[in-house]
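No lab work stands behind these numbers, since they all come straight from the coordinates. All values reported here derive from a predicted model rather than from experimental measurement. Positions of Cβ are generated from backbone atoms using ideal geometry, with glycine treated the same way; all protein chains shown enter the neighbour counts.
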Amino acid sequence: MPPPMITAFAHSPDGGQGMARDMRVRWAFEEVGQPYRARPVSFAAMKAPAHRTLHPFGQIPTCEDGDLTLFESGAIVLHIASRHAGLLPVEANARARAIGWMFAALSTVEPPILDCEAARYLEKDEPWFAPRLRAAEDRVRGRLGDLSLRLGRADWLDGGFSAGDLMMADVLRRLGGPGLLDEYPNLSAYVARAEARPAFRRAFAAQRAFFDAHSGR
Ligand SMILES: N[C@@H](CCC(=O)N[C@@H](CSCc1ccc([N+](=O)[O-])cc1)C(=O)NCC(=O)O)C(=O)O
């Protein structure tokens, strides 16, 4: 059977900085040592009927693995972690907790971060932008403060590195650069620890090479 095929931006708006959500899927494949292929999708093609048979919302990433087609980066990472050893504990309770951290990353920590991004990109010229952004950033601080307290001095969220850490670190990466994350030194160190993983570095290099190959550079 040919390796799984994911879809990714033909020309990612971030210029190959690994901020698009194919990055977490690439990372998961690298962590479990599973080769994969990637197909570039333009913005126009993403919204066309052919791609929507893979992704009802006209987005990336998707993953075609044999006769299975998946969308939602969290579902794809969970699929990879379920089919291959290395990203979820074998022990049932620890496995359930690691999956819980995946949901926490996507459902509890990521939404206020996305809300801040939306405010910065879409509302910066509004007269009420400053208080709006302050309130949005305070909501992010609330989540980061709770997460920082739970992580403490540990390397990972619950024992060894898991898909929960992969998802949480990829969510926190969006805060990159000087700013909110720096207010929580143990979270900054957590993200740096995750980004130092050989699998992360391979995934980052792959998405960067993919950008350079397909963005018309
Ligand atoms: N919940 C879905 C969300 C998927 C999603 O948001 N896909 C985005 C790309 S990753 C989000 C993203 C986009 C761009 C950057 N960037 O920095 O340039 C970062 C992240 C997309 O296809 N957008 C096109 C569209 O919606 O029309 C998942 O986790 O898979």
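Remarks
- Ignoring the sites themselves, the chain has its longest run without GluC sites (Glu not before Pro) in a DSSP loop having at most 15 other Cβ atoms within 10 Å at 124-217.
- Where only DSSP H runs of four or more residues are counted, the chain gives -17000 deg cm²/dmol as its mean residue ellipticity at 222 nm, each run worth -39500 (n - 2.57).
- Between Met168, Met23, Met46, the residue with the greatest mean-square fluctuation in the GNM of the chain (Cα pairs under 10 Å linked by springs) is Met46.
- Relative contact order [Cα under 8 Å, 6+ residues apart], the chain, whole percent: 27 percent
- Percent antiparallel among DSSP beta bridges (both partners in the chain, rounded to 5): 55 percent
- Cut-off of 10 Å, at most 14 other beta carbons, DSSP loop: longest stretch of the chain lacking such chymotrypsin sites (Phe, Trp or Tyr not before Pro): 129-217
- Take every pair of alpha-carbon atoms less than 8 Å apart whose residues are at least six positions apart; their mean separation over the length of the stretch 1-58 yields a relative contact order of 42 percent.
- The stretch 67-170: trypsin sites (Lys or Arg not before Pro) falling in loop per DSSP and having at most 13 other Cβ within 10 Å: Lys124, Arg153
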